[in-house]
Structure formats: C-alpha cells, structure tokens
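Enquirer: Pasting a structure here, questions to come.
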Amino acid sequence: MRKIVFAIALCIGITSMNAQTKEELQAKKAEKQAAADALQAEANAIQAEIDALPGWRKGAFGTIGGSLSEFNNWYAQGTPNNSSGNIGFTVNAFANLNQEKFFWNNSLNVNLAWVKLDDKDDPTDSDKFREATDVFNISSLYGRKLSEKFAISGLAEYRTTLLSNFNDPGYLDLGVGGTWTPIKNLVVVIHPLNYNFVFSDNDTVFESSLGAKIVADYTRSIGAINFKTNLSMFQSYKSSDYSNWTWTNSFSYTLWKMIGVGFDFGLRQNKQEAVNFNLAQGNAGTTFDNVDNKLQSYWTIGMSYNF
C-alpha cells in the first residue's frame, strides 16, 4: 500500500514539476519576445532615419519561370509526339536620388516570355520558341520640392515591345505638373500637360495627342517580401479613342538567401492597339466605333531572385 501511495505521490510531483517548468519556459519566452520586439522597433526607427537621408537608393528584383516537356507515343492526348516548353522572366529595377530640395526617380520594368509546342508528327510545325509576353517600360521623374509631400515635376516615360515590333507601336509621354507623396513609398504623379507621342508604321490607327498623365507607384520591401505596383494612365484631350492605361504588379518572397518565389501580373486597355490587331487579322471593317476593346492581361509565376 505504501508503494502505491509513493508512486502516486511521485507522479503528482513529476506532473507539478513539468507544469511548473512549462510555465517558466513560457514566461521566459514572453520576456525574450518582448525584448526582441523592442530591438526590432529600434532597428525600424534607425532604418527610417537612414531612408530619410539624402542620396541614391538603388535596387532590383525579378522572377524567372519556365518548364520543358517531351512526349513520345503518349496516345491519350491529341499530339502523342511533341516537345513543349515555356520560359520567361521579369526585372524590376529602380535608382532614386533624394535631396533636400529635389528628387529624381528612375525605374525599369521588363517582362519577356517565350513558348513552343512542336508536333513531331507535323513536318510543317515549328520547333522553335516564339515570343509570348513582351513588355518594356522605362520612366524618369524629376521633382522640385515645394513641401515635404508636394513637388513641381516633369516626367518622361517610354514603353514598347522588345522581341517583336520594336517601337511599332512605341509610346513616349513627356509632361509637367505635380507629384504628391502622401505616405512613404507611394508616389502619385498628376500632369495635366502631357504629350503622348505614338510611333508606328500604321499612321491611320495610331495618333499622337495632347492629354493628361496620371501615374501611381507603390514600391516597398518588408523583410523577405518585395512588392511593386504601378498604374500609368493617359487621358487624351483629342479623343477617348487615344486614351490608354496599364497596371503592372510584381511580388517576390525570399525563401533562402536571395532566392524565393515570385508572381507578376499586368492589365492594360488600349483602343488603338485593339483596332490595329483586328486589322492585322484581316478584319477590314474594324473601326474605333465597332472594335471590341478587350482587357489585355498577363501573369508569370516562378522562382525569384533579389539583386
């Protein structure tokens, strides 16, 4: 009987010791976490002071995605003998100069992709990669500060394709107006005086015009996360047919050292491009009045690398 009582008492004692040890460990963890949070807050404050210092800020991150496959005698599909693949990459880079009385922000966005589907049973089928996604955008914004959040500014922005039809069309926006920075990392450009130069071999569709330019850009890094969103809009004073807008987004998450996962997507509407495409497809009766101006889009997902 004494042995049973002793065993029960021993179990109760061990349980109490374990419970006490667990409570002590949780208390220590809370104490250490509080200290870590305080140190992180100090580090964030110091980083904010560093970011506010005059000088250049440079950076870049990008996404690489791709796959290759080959099938032989795979009868369950329509083309049992084929080789296919896709590869693409994006690059987002910036170089910004911040001074007491002015700033100069420069950015570059490139998104290129190639695809192929080679049907080995079709001798006329191409075995080469062909262009899929083709985006190139570069901009330069100069501002003379009137206050902490507002500046008189001038913007030059150029966008086109690189792999095919370079500068056909190509768009160059040159304008002046104001730039507003309501919060950190957000830049809003409002230029009521902007000329949209359009370069193209098809002068009957594409036309340059005077209008207003609006750009909103938000770029931020939070630990292992890099994020950038950019909306660029042009509203033509001559005709809404010549207006256009493009919205691009890039996201990357670092998993190990400089390598991680990335996702990019973009949307665009451009009536001039819609008319030109339909005419090129043989739809001779296409005009600005009857064209189906569909929403353009793209997305890329894959491995990311932070430069």
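The values are calculated or read from the model by the stated rules, or taken from the named source; none is laboratory data. Small disclaimer: the values here were computed from a predicted structure and weren't measured. Cβ sites come from the backbone with ideal geometry, for glycine too, and all protein chains shown count toward neighbours.
Enquirer: Only one of Ala224, Ala216 is aliphatic (A, V, I, L, M) and modelled with pLDDT of 95 or more; which?
Expert: Of Ala224, Ala216, the one residue that is aliphatic (A, V, I, L, M) and modelled with pLDDT of 95 or more is Ala216.
Enquirer: What pairs come up if the first residue lies in region 152-181 and is under 14 Å from Ala212 (Cβ atoms), the second is modelled with pLDDT of 95 or more and part of a loop (DSSP other than H, G, I, E, B), and their beta carbons are under 9 Å apart, counting only those six or more places apart or on different chains?
Expert: That search, which allows pairs on different chains as well, returns Gly178/Leu146.
Enquirer: Considering region 123-155 alone, what residues qualify as being among the aliphatic types (A, V, I, L, M) and assigned to a strand (DSSP E or B)?
Expert: Ala132, Val135, Ile138, Leu141, Ala151, Ile152, Leu155
Enquirer: Could you tell me which residue of region 147-190 is farthest from the chain's Cα centre (by Cα), considering only residues that are among the polar types (S, T, N, Q) and more than 22 Å from Gln272 (Cβ to Cβ)?
Expert: Narrowing region 147-190 to residues among the polar types (S, T, N, Q): 147, 153, 160-161, 164-165, 167, 179, 181, 185.
With the extra rule that they be more than 22 Å from Gln272 (Cβ to Cβ), the set shrinks to 147, 153, 179, 181, 185.
On the way: Ser147: 29, Ser153: 24, Thr179: 21, Thr181: 20, Asn185: 15 Å.
This residue is Ser147.
Enquirer: Continuing with this model, one more query. Does region 216-228 contain at least one residue that is in contact (Cβ under 8 Å) with a residue 60 or more places away in the chain and among the hydroxyl-bearing types (Ser, Thr, Tyr)?
Expert: Yes: region 216-228 contains one or more residues that are in contact (Cβ under 8 Å) with a residue 60 or more places away in the chain and among the hydroxyl-bearing types (Ser, Thr, Tyr).
Enquirer: Right, next: Go through region 265-307 and give me each residue that's among the charged types (D, E, K, R) and either crowded, with 16+ Cβ neighbours inside 10 Å or within 23 Å of the chain's Cα centre (by Cα) (or both).
Expert: Answer for region 265-307, where residues must be among the charged types (D, E, K, R) and either crowded, with 16+ Cβ neighbours inside 10 Å or within 23 Å of the chain's Cα centre (by Cα) (or both): Arg268, Lys271, Glu273, Lys294.
Enquirer: Still on this structure, I have one more. Among (1) touching a residue at least 12 places away in the same chain (Cβ under 8 Å); (2) more than 20 Å from Leu108 (Cβ to Cβ); (3) buried (at least 17 other Cβ atoms within 10 Å of the Cβ); (4) not aromatic (Phe, Trp, Tyr), there is one condition Gly262 misses while meeting the rest; what is its number?
Expert: (2)
Enquirer: Might you check whether a residue that is touching a residue at least 24 places away in the same chain (Cβ under 8 Å), among the polar types (S, T, N, Q) and either over 19 Å from Trp180 (Cα atoms) or touching a Phe, Trp or Tyr at 6+ places or on another chain (Cβ under 8 Å) (or both) occurs anywhere in region 113-129?
Expert: No, region 113-129 contains no residue that is touching a residue at least 24 places away in the same chain (Cβ under 8 Å), among the polar types (S, T, N, Q) and either over 19 Å from Trp180 (Cα atoms) or touching a Phe, Trp or Tyr at 6+ places or on another chain (Cβ under 8 Å) (or both).
Condition check ((1) outside the structural domain of Asn92 (by TED's automatic domain parsing); (2) polar (S, T, N, Q); (3) modelled with pLDDT under 95) across all residues:
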residue	(1), (2), (3)
Ala156	no, no, no
Leu172	no, no, no
Lys184	no, no, yes
Leu193	no, no, no
Asn196	no, yes, no
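Residue by residue, here is whether (1) at pLDDT 90 or above; (2) part of a strand (DSSP E or B) holds:
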| residue | (1), (2) |
| --- | --- |
| Tyr75 | no, no |
| Gly78 | no, no |
| Gly85 | no, yes |
| Phe89 | no, yes |
| Phe94 | yes, yes |
| Glu100 | yes, no |
| Phe103 | yes, yes |
| Ser107 | yes, yes |
| Val110 | yes, yes |
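Enquirer: Looking at region 221-245, which of its residues are out of contact with any Asp or Glu (no Cβ under 8 Å at 6 or more places or on another chain), among the polar types (S, T, N, Q) and either exposed (fewer than 15 other Cβ atoms within 10 Å of the Cβ) or more than 16 Å from Phe206 (Cβ to Cβ) (or both)?
Expert: Ser221, Asn226, Gln235, Ser239, Ser240
Enquirer: Let me confirm something: among Ala113, Ala35, Ala27, which residue is under 26 Å from Tyr253 (Cβ atoms) and either in contact with a strand residue (DSSP E or B) (Cβ under 8 Å, 6 or more places away or on another chain) or not assigned by TED's automatic domain parsing to the domain that holds Lys145 (or both)?
Expert: After ruling out the rest, the residue left standing is Ala113.
Enquirer: Something else now. Condition check: of a type in the set (S, T, N, Q), outside any helix (DSSP H, G or I) and within 24 Å of Asn96 (Cα to Cα). Does Ser297 satisfy that?
Expert: In short, no.
Enquirer: Oh, and also: With respect to Thr124, determine if the residue is crowded, with 18+ Cβ neighbours inside 10 Å, of a type in the set (Ser, Thr, Tyr) and at pLDDT 85 or above.
Expert: no
Enquirer: Exposed (fewer than 14 other Cβ atoms within 10 Å of the Cβ) and without any contact (Cβ under 8 Å) to a residue 12 or more places away in the chain: does that describe Ser147?
Expert: Yes, satisfied.
Matching residues to (1) in a helix (DSSP H, G or I); (2) under 30 Å from Ala113 (Cα atoms); (3) at pLDDT 80 or above:
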position	(1), (2), (3)
Asn18	yes, no, no
Ala34	yes, no, yes
Gln40	yes, no, no
Lys58	no, yes, yes
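Enquirer: Exactly one of these conditions fails for Lys257: (1) modelled with pLDDT of 95 or more; (2) loosely packed, with under 15 Cβ neighbours inside 10 Å. Give me its number.
Expert: Condition (1) is where Lys257 drops out.
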